Structures are given as structure tokens and as C-alpha cells.
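Values in this text are rule-based calculations from the coordinates and carry no lab data. For clarity, every value in this text was computed on a predicted model and none was experimentally measured. Note: ideal-geometry Cβ built from the backbone for every residue, glycine included; neighbour counts use all protein chains shown.
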Amino acid sequence: MKTIANHQLPCEVVQSTYAKNKLKSKIVHLGFGAFHRAHQALYTDQTNQVEGSDWGICEVNLFGGEDLIESLRAQDHCFSVVLKGAEGTQAHIVRSVTESLHPEFDGLPAVLEKMAEPQVEIVSLTVTEKGYCIDAATGKLDLNNPLIVADLTNPSSPKTALGIIVQALKLRRERGLDPFTVMSCDNIQENGAVTKGVILGYASLVEPEMRDWIEANVTFPCTMVDRIVPAVTAESLNEIAQTLGCEDPCGVVCEPFRQWVIEDNFVSGRPNWDIVGAEFVDDVVPYEEMKLRMLNGSHSFLAYMGYLAGYEHISDTMEDPAFKQVALDLMLKEQASSLVMPEGTDLVAYANMLIDRYSNPNLKHRTWQIAMDGSQKIPQRLGGSLHYHLKHQSSFKIIATAIAGWMRYVSGSDEQGKPIEVSDPMSQQLRTICDAHGLNVSVVPSLLALESIFPAEIGKDQRVIDAVSNAYQSLLDKGARQTVADLVVE
Ligand SMILES: NC(=O)c1ccc[n+]([C@@H]2O[C@H](COP(=O)([O-])OP(=O)(O)OC[C@H]3O[C@@H](n4cnc5c(N)ncnc54)[C@H](O)[C@@H]3O)[C@@H](O)[C@H]2O)c1
């Protein structure tokens, strides 16, 4: 079969030329998902190309994705990333991956042994929010998570990313090896601090001494990552095959824009990702908040309101002038005001660039995909700025509409009465509350009472209850399109 490893690719496909067999697996990455492939793996490939470095990645999928790992192996661990801009398409072949493992067919000991190899300097993660096993109410390790319960019972044979990292660090310590840096690249606020918190929380229950050793020896840099990488579909794989002249089951399509801001805090070495555009900084938090509130916050608004309005993709919402204007207003009037940025940051330019990115018609980013896991996303994307507005007595009409949109969405049926497939770790609980009220504004205070999503000082504030109720009632009376149109300020 023709694969990208044995087939003459069209000359316009960009390929690095360094000797792949000289790379060392100095990074073990947990979560060979679409995002990692289009982001860290590509940055690493380009860094190796520019400076002749030998940073190789061993890819590991812990849950699912067995087929992807098998396909990756069948094509010499190379895959394609196709950048689709409004103006054109550019395909890249990523060659920075050296090897791959899956506990399902390689066994967990192989994964642990790989992480305990002397050359490993970084263990990075894109395991989605769920992979961190966080109790949303406390922000700490969720001790009721069944996988954590299982790992605590059998810590030498763990299943979670956290348990595996702690066990691998334990092996390194026992063997007198240096630790590795643990670098989260998931979209979680202060992802490094959160990762450190859950890992220390877990380690303290397994072996308190290990907890102290990790705290003293391991670093957890925070990162802010950005690039829209829609979930892979049969259509995107077909497009990739057309571009390459052969199939690539590991290929991804994404937008041309990318950003990566990394706290420069590594226990051992790190690639010079900055030579290909990443930024190493002392404090990532302001950049993260900028992105979470402006990009992710407006994305959630567009996802819920857009889905309800019948728009399948984010770019479809941008063809509706009211959606475009209100998304920009949300960013500049309600989200930017809550941010404290380093001098020289141009938030107006950032917001306009986001609107341009959303408008790219070649990027099929589904509103349904962004709407997933709202219970986990709303606190970070809208909670901080809501808190700011309550404190400063300022307007938060659009934020309230985004929350009302989420509430209407999780009711499980759209404006035509068709079922919505609500994908959320709290979907059962949300459904029970929604079913008890039917499509009635009385659901608003009940959902706002969910303290894991809305802390009491927000969820019980009458100003929030009133604003979200008004928006929810408007959704029931007029529908999503008119509700958004009504938000346009002349
Ligand atoms: N796709 C994007 O546009 C984008 C942009 C910025 C950041 N991100 C971040 O990347 C993450 C992954 O996104 P993606 O597009 O690659 O998704 P994906 O579905 O393609 O991949 C998800 C990966 O997470 C792993 N995973 C899922 N649950 C896990 C668990 N409980 N424990 C361990 N591993 C688990 C899967 O094995 C898979 O490798 C997102 O959650 C987000 O935090 C994505």
C-alpha cells in the first residue's frame, strides 16, 4: 500500500531533510491527538530542521487511539499536517516522531520503561481536561474518580496519566536518574500548576516521600497553546489524500495560525522551540487568560448560540453579521476589560485577528465540537470575567447570553425539537435538572446552583440570575438568531 513513507510526495509538500535516525526519544508525549500532531510535533520537527538538534518524540496513547498508533508505525512514524488558510493550502510532513507505544498492545511496563530511559528529558501531555482527574469543585485531585481509585489501589500498575508519571518518576529515582520535566499542553488555566497539584496530590497518597521528592526535583512549566485543529473526519482525511497522493490516517488539517507561550522552567534540556516561533517567558498566566477569555470565551459563545441558530461550523457563524459583531463585542467590551496584560499587548489587534481566524471558510470547526464539555470549560472561559464585572458593577450581557445558550443547549433538544447529543462529563446531572423544568426559565437558578461550575458568589448573585434568565427567556421567545441580533449595539 502507498503510504507517505514509501511514496514520492508532490514537490510542494514541505518536508524536513535532517537524518531522522539520529533523533533520540528525549520527549515522551502522552496523547497522540489531533492537536499535538499539528502543534508540538510540528514545532519540534521544524526546530530540528533549523538547528540540527536531535529532539525525537515517543508517542503514547493511553486511552483509545490504538488504530492511530498502528497506522503511525506503518508509515515510519511520519504524518502530515495540512494548513488551510482562506487563501490556500500548505502541507507539511512531520518527521520528529521516533517511536510509539500503546499499553493495550505493548503493555504498560513498556511505557513505564520508556519514560524511565536516561535520555528522556520531557514528558508532555495533551490528554484533554478529563485526563487530569480534577474535582471541578475543589480544583484538586478527584478522589472519587474510579480510575484514580483503581490507581491508588494498585499504584505500580496505573492507568491514568498521573499514576503513570508518578510511577515512572519513582523508577527514575530508584535508578538514580535525573527526573524529567512534566509539560502540559492542554487548554487548562495554569496547566502546569494544575498538573503539579494533581500529581503531588496523587503521590502523597501513594508514597509521601515521593511527593516531597517530586516537589523538590520536578518542574511543571505552564504553557499557552493555540492553533485550531478540528477533529479529523472522513472528509478531512480525503482532502489530505488528495493533497498527498496517498492516504495518511494520521494526518490532520488545521489553520495556519499557531501560538505557543512556554514558561521557561525545565529541569533538564528543552528544544529551542523559540527559533521557530514559540515564546519562552517567565510568566504565562496573562497570555493564558487572554486566550481563555478572548478566544475560548468567544468560541463557547459562538458554539452554543451558533449551534442553536443552526450553524454547523464557526465559519458559518461569521457569515451572520450579528454573530460577528457580538463575538467582537464580547471580546473587547466584556472579556478584554478583565485582563491585565504585559505592556505593549494589543488586545484590539488580537480580537480582530481572532475574527479573521474564525472567518476562514476552509476550516471546518464544528460548533458541536466546541460545545463539548461545557461544564468543564465555562468556569475558565467566562467565570473570571463574570467575577470581574460583578466586582466592578459593569455590564456582562453577552457573557450572560453565552451561559443561557449553554443552558438551552444542554436541555438536549434544539430549536426545531431535534435531539442534541450533549457530550459532557456532567451530562446526566444536567439532563436531570433540565428534564425537571422542561424548557422553562425556572431552570436557570437550578443550573446556576451547580457550584462546580458556578461558585456561590456568582451562581447565587441575583444580578447573574436576572441577566441569564433574561437571555434564556429571549432564547425561548425569539430563538438564538434574534437573541444575538438584539445584542448588536447600533
Ligand atoms: N484541537 C484544538 O484545536 C486544540 C487547541 C488547543 C489546545 N487543545 C488541547 O488539546 C487537547 C486534545 O485535543 P485534540 O484535538 O488533540 O483531541 P483528540 O480527541 O484528537 O485527542 C485526545 C487525546 O487525549 C487522549 N485522552 C483522552 N482522554 C484521556 C484520559 N482520560 N487520559 C489520558 N489520555 C486521554 C486520547 O488518547 C487522545 O490522544 C484538548 O483537550 C485541548 O486541551 C486542542
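Worth a mention:
- Counted residue by residue at 0.36 nm each, then reduced by the alpha carbon distance between them, the extension gain from V50 to F257 reaches 72.6 nm.
- Percentage relative contact order, the chain, counting C-alpha pairs under 8 Å, at least six apart: 14 percent
- FRET E, pair K460, E343, Förster distance 25 Å, beta-carbon r, rounded to 0.05: 0.10
- Of the residues G438, A471, A404, the one whose Cα sits farthest toward the positive end of the charge dipole of the chain, with +1 on the Cβ of Lys and Arg and -1 on the Cβ of Asp and Glu, is G438.
- Global form of region 38-163, assessed from the alpha-carbon gyration tensor, a/c cut-off 1.5: prolate
- Net charge, K391 excluded, C-beta distance under 12 Å - Lys, Arg +1, Asp, Glu -1: -1
- Cα gyration tensor category, rounded, prolate or oblate, for region 313-447 with a/c compared to 1.5: oblate
- Estimated FRET transfer efficiency (K391, Q8; beta-carbon r; R0 56 Å; 0.05): 0.35
- Simple label model, 7 Å out from Cα along Cβ direction - Q242 to Q325, nm: 3.6 nm
- Cα gyration tensor shape of region 1-77, rounded if a/c is under 1.5, else prolate or oblate by comparing a/b with b/c: oblate
- Burial order of peptide ranges 418-430, 302-314 (average beta-carbon count within 10 Å, highest first): 302-314, 418-430
- Relative packing of 339-350, 36-47, which averages over residues the other C-beta atoms within 10 Å, highest first: 36-47, 339-350
- Note that region 205-220 has calculated 3J(HN,Hα) couplings of 7, 7, 6, x, 5, 5, 4, 5, 5, 4, 4, 7, 10, 10, 10, 9 Hz, one per residue in order, obtained from phi through the Karplus relation 6.51 cos²θ - 1.76 cosθ + 1.60 (θ = phi - 60°); glycine and proline are x.
- Placed amide H near I134: partners under 5 Å, 5+ positions off or other chain: D142
- Dividing the helix sum by the residues of the chain, where each DSSP H run of 4 or more adds -39500 (n - 2.57), gives a mean residue ellipticity at 222 nm of -13000 deg cm²/dmol.
- Sequence ranges 431-438, 457-464, 251-258, ranked by mean other-Cβ count within 10 angstrom, highest first: 251-258, 457-464, 431-438
- Each Cα pair of the chain feeds into the Kirkwood radius, which the Stokes-Einstein equation turns, at 25 °C and 0.890 mPa s, into a diffusion coefficient of 104 µm²/s.
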